[in-house]
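Visitor: A single structure is presented below for examination.
The values are calculated or read from the model by the stated rules, or taken from the named source; none is laboratory data. Predicted model, so just to flag it, every value in this text is computed and none were measured. Every residue, glycine among them, receives a Cβ derived from its backbone with ideal geometry; neighbour counts consider all protein chains shown.
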Amino acid sequence: MRIMPSVRFQSGDMVMGRWPGSSLYYEVKVLGFDGKSQLYTVIYKDGTELELMDQDIKTSSAFRPASRSRSRSHSPGRRRSRSRSPARTTRRSSSRKAAAVATVTIAETTPSSRREARLKEPVVNNSNNKHEKTEDNNDTANKNPETKVETELERNQAPRYNLRRRTTDGKASETKPQQEADEEEKPKPAAAAPLATCTTPLDFGGKIGVYFWLLFLPAWVLFVILQGNLEDPSLVNFPPPLPALDSFLDAQALGVVLLWILFQAVLFVLPVGKLSEGMPLKSGERLNYRTNGFFAVTTSAVAVAAAVYLGVDLTYIHSHFLQLGVATLLVSFLLSVYLYVRSRYRPADQLALGGNSGNVVYDFFKGHELNPRIKNFDLKFFCEMRPGLIGWCVINFAMALAEMKVQGLEAPSHAMILVNLFQLLYVVDGLWNEEAILTTMDLMHDGFGFMLAFGDLVWVPFTYSLQAYYLVGHPNPLGLPALAAIITMKLVGFYIFRMSNSQKNNFRRNPTDPKLAHLKTIPTATGKSLLVSGWWGMVRHPNYLGDLIMALAWSLPCGFSHLLPWYYMIYFIILLVHRNSRDTDDCRRKYGSAWDEYCRTVRYRIIPGVY
């Protein structure tokens, strides 16, 4: 019977761990010990989690100055025990006996000195490493008097590491830290960025799935527009009657769309409002954004009121809704082509992690460049908050005028007024708190491609306004009790949405704010903390909960005669569940075991006690 060795280190101990492929030791924290594989799980100061053998971990006292003169030629435990779990495999170097001559006994643990030491560090000759670097070993030894030359026996018996980095599913996966270190130190290309392997899992069904979404999403928008104008907009009436092909694209409608986008762009660049600082990028840089969204929506409201006063017929939007949708779709597609072409000539540090798969169609859809800008004009931030979002309110107002015209009313119906006011409040609140969007997944992580361009310019204004579009031809009288219940539901959802988003945004920007001192947190290896109290201790996404309650309040005024006006509620549930999944994967990669602890503390994702 094999005697199990005693566990020298306990969870939470601060020790010195050997960096794989080298003789450098860094300060690490012990997270746990796997008795089956006899491996310690440790975490470095940069957040990297690895599994190390017992002989690759030393106490801090072992690195006293006097110990540097000792030769490590006869270090015990250099051989690795082969009795491991069959499930744990090891990546073997294609040249196991080839190792560098010079080794360093200990290095500083600060990030800057760590990078310097890594440049001096010998590299194992691994044929799988495309970015291999070599040095004159004798010259390296001469430059550093504290280095010792390994014997031939040591080089031939270099240990084989079983090292793993945390992946999206929370399990450990094999990794090559030295290769990653070399990649990190590689100079950034100044010319066209080559297609590279995606650094994050593929979304939306991967490279095959995006073909479906590229066809389905535009087709669905056209479908709901055609359905909403029918006397019986039942989803079983498929396909809806199609107009003549030449009626889909109208030059005047295209001109209206371009004029609207140009008007919003002018408001965007005006030196009104404050300059807000975005979150740090991979390079450490922070971009500045002109957050004058509230100025833009109020100015747009004045312009629309002036247009109506001067006799402009806004019911044109209702009668040409299909043509306006097709024109906006064309603009979003051309913008996406421009975004992808320019992204091929951007440095690697300006590209998005998720839109870097190497597949043209996937990267075109997901977005290749993170923050495309024309000088100081940020294209993603502009499209995210301005033409589509404010255009949504203008469309709703036009539908209210169209309802009065079609049904011969002196004023819009109660249902139409509720839909207009609820959605106007949502948009105005978003633009009043425009700075908060700088901490969202769209701005921080997603590249700007067809997915966001189409979503911002087409999907939002032409599907989120579906309730108002439906009510033009399908009135739904509401009694006083129904009005009171719907208004109450909207206010409750809005309160949860706004308060939770404000708490999150304030905490991200200033975790030391005295107003947030009562909140409990879980620290992570990245230096950030996870909220486990307040709104974010109730569920993991209280803002999504508020969003869902508001979506329900938007749909109820349309009644239950048809499923079509409830499409937004159904779509939003799917969207938030998918977004929660993406967010969970991203947080597990970034925060590792701290995220697992957070999920155990805050059990429910969106709906308390249900999901």
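Residue-wise test of (1) over 23 Å from the mean Cα position of the chain (by Cα); (2) among the hydroxyl-bearing types (Ser, Thr, Tyr); (3) surrounded by 15 or more Cβ atoms within 10 Å (Cβ to Cβ).
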site: ASP513; (1), (2), (3): yes, no, no
site: ALA517; (1), (2), (3): yes, no, no
site: ALA525; (1), (2), (3): no, no, yes
site: TRP536; (1), (2), (3): no, no, yes
site: ARG540; (1), (2), (3): no, no, yes
site: LEU556; (1), (2), (3): yes, no, yes
site: PRO565; (1), (2), (3): yes, no, yes
site: TYR568; (1), (2), (3): no, yes, yes
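Visitor: Report, by residue number, each residue of the stretch 253-273 that is free of Cβ contacts under 8 Å to residues at least 24 places away in the same chain and either of a type in the set (Lys, Arg) or more than 16 Å from PHE377 (Cβ to Cβ) (or both).
Guide: GLY255, LEU259 - these are the residues of the stretch 253-273 that are free of Cβ contacts under 8 Å to residues at least 24 places away in the same chain and either of a type in the set (Lys, Arg) or more than 16 Å from PHE377 (Cβ to Cβ) (or both).
Visitor: Hey, does the stretch 575-582 have a residue that's in contact with a strand residue (DSSP E or B) (Cβ under 9 Å, 6 or more places away or on another chain) and surrounded by fewer than 15 Cβ atoms within 10 Å (Cβ to Cβ)?
Guide: No; the residues of the stretch 575-582 include none that is in contact with a strand residue (DSSP E or B) (Cβ under 9 Å, 6 or more places away or on another chain) and surrounded by fewer than 15 Cβ atoms within 10 Å (Cβ to Cβ).
Visitor: Please verify whether LEU418 is crowded, with 23+ Cβ neighbours inside 10 Å, more than 24 Å from SER332 (Cα to Cα) and aliphatic (A, V, I, L, M), treating the condition exactly as stated.
Guide: The answer is yes for LEU418.
Visitor: Consider PRO280 carefully, then state whether it is exposed (fewer than 13 other Cβ atoms within 10 Å of the Cβ) and assigned to a loop (DSSP other than H, G, I, E, B).
Guide: It is true that PRO280 is exposed (fewer than 13 other Cβ atoms within 10 Å of the Cβ) and assigned to a loop (DSSP other than H, G, I, E, B).
Visitor: Another question about this same structure. When the residues of the stretch 283-297 are narrowed to those that are surrounded by fewer than 14 Cβ atoms within 10 Å (Cβ to Cβ) and of a type outside the set (Asp, Glu), which ends up nearest to ARG508 (Cα to Cα)?
Guide: Among them, the one singled out is ARG286.
Visitor: Within the stretch 369-425, how many residues turn out to be closer than 22 Å to ILE317 by Cβ and either small (Gly, Ala, Ser) or free of Cβ contacts under 8 Å to residues at least 24 places away in the same chain (or both)?
Guide: Matching residues across the stretch 369-425 total 15.
Visitor: Further, regarding this structure: Can you tell me how many residues in the stretch 302-322 are of a type in the set (Gly, Ala, Ser) and free of Cβ contacts under 8 Å to residues at least 12 places away in the same chain?
Guide: The qualifying residues number 4.
Visitor: Tell me which residues, restricted to the stretch 445-502, are modelled with pLDDT of 90 or more, of a type in the set (Phe, Trp, Tyr) and not in a loop (DSSP other than H, G, I, E, B).
Guide: Matches in the stretch 445-502: PHE450, PHE454, TRP459, PHE462, TYR469, TYR470, PHE494, TYR495.
Visitor: Got a sec? Which of ALA398, ALA436, ALA402, ALA415 is part of a helix (DSSP H, G or I), more than 30 Å from GLY546 (Cα to Cα) and of a type in the set (A, V, I, L, M)?
Guide: ALA402
Visitor: Please go through the stretch 249-264 and give me each residue that is over 35 Å from the mean Cα position of the chain (by Cα) and surrounded by 11 or more Cβ atoms within 10 Å (Cβ to Cβ), ordered by number.
Guide: Once the filter is applied, which keeps residues that are over 35 Å from the mean Cα position of the chain (by Cα) and surrounded by 11 or more Cβ atoms within 10 Å (Cβ to Cβ), the stretch 249-264 yields ASP250, GLN252.
Visitor: Give all pairs with beta carbons closer than 6 Å in which a residue from the stretch 574-601 that is over 13 Å from ARG540 (Cα atoms) meets a residue that is outside any helix (DSSP H, G or I) and modelled with pLDDT of 80 or more; count only pairs at least 6 apart in sequence or on separate chains.
Guide: Between residues of the stretch 574-601 that are over 13 Å from ARG540 (Cα atoms) and residues that are outside any helix (DSSP H, G or I) and modelled with pLDDT of 80 or more, the close pairs are TYR591/THR524; SER593/LEU31; ALA594/ILE522; ALA594/THR524.
Visitor: Tell me, which residue of the stretch 24-66 that is surrounded by fewer than 19 Cβ atoms within 10 Å (Cβ to Cβ), modelled with pLDDT of 75 or more and charged (D, E, K, R) is nearest to the chain's Cα centre (by Cα)?
Guide: Filtering the stretch 24-66 for residues that are surrounded by fewer than 19 Cβ atoms within 10 Å (Cβ to Cβ), modelled with pLDDT of 75 or more and charged (D, E, K, R), the one nearest to the chain's Cα centre (by Cα) comes out as LYS45.
Visitor: Are any of the residues in the stretch 542-549 of a type in the set (A, V, I, L, M, F, W, C), at pLDDT below 85 and more than 19 Å from the chain's Cα centre (by Cα)?
Guide: No, the stretch 542-549 has no match at all.
Visitor: Residue check: is VAL312 surrounded by fewer than 17 Cβ atoms within 10 Å (Cβ to Cβ), out of contact with any strand residue (DSSP E or B) (no Cβ under 7 Å at 6 or more places or on another chain), outside any helix (DSSP H, G or I) and not charged (D, E, K, R)?
Guide: The answer is yes for VAL312.
Visitor: Pairs, please: C-beta under 9 Å, at least 6 apart or cross-chain, first residue outside the structural domain of GLY355 (by TED's automatic domain parsing) and in the stretch 449-462, second surrounded by fewer than 23 Cβ atoms within 10 Å (Cβ to Cβ) and at pLDDT 95 or above?
Guide: Short answer, once both residue conditions are applied: none.
Visitor: Out of all the residues in the stretch 573-594, is one or more at pLDDT below 85, among the aromatic types (Phe, Trp, Tyr), assigned to a helix (DSSP H, G or I) and touching a Gly at 6+ places or on another chain (Cβ under 9 Å)?
Guide: yes
Visitor: Farther than 30 Å from ASN359 by Cβ, touching a Ser or Thr at 6+ places or on another chain (Cβ under 9 Å) and of a type in the set (D, E, K, R): does that describe LYS490?
Guide: Judged against the criteria, LYS490 is not a match.
Visitor: In the stretch 595-611, which residue that is of a type in the set (Val, Ile, Thr) and not in a helix (DSSP H, G or I) is surrounded by the fewest Cβ atoms within 10 Å (Cβ to Cβ)?
Guide: Applying the filter and picking the extreme gives VAL610.
Visitor: Search the stretch 503-518 for residues that are in contact (Cβ under 8 Å) with a residue 60 or more places away in the chain and under 12 Å from ALA436 (Cβ atoms) and pair each with any residue that is surrounded by 10 or more Cβ atoms within 10 Å (Cβ to Cβ) and of a type in the set (Ser, Thr, Tyr) when their beta-carbon atoms are under 8 Å apart and the residues are at least 6 apart or on different chains.
Guide: LYS504/THR439; ASN505/THR439; ARG508/THR439; ARG509/THR439
Visitor: GLY592 passes all but one of (1) in contact with a strand residue (DSSP E or B) (Cβ under 6 Å, 6 or more places away or on another chain); (2) surrounded by fewer than 17 Cβ atoms within 10 Å (Cβ to Cβ); which number fails?
Guide: Answer for GLY592: the failing condition is (2).
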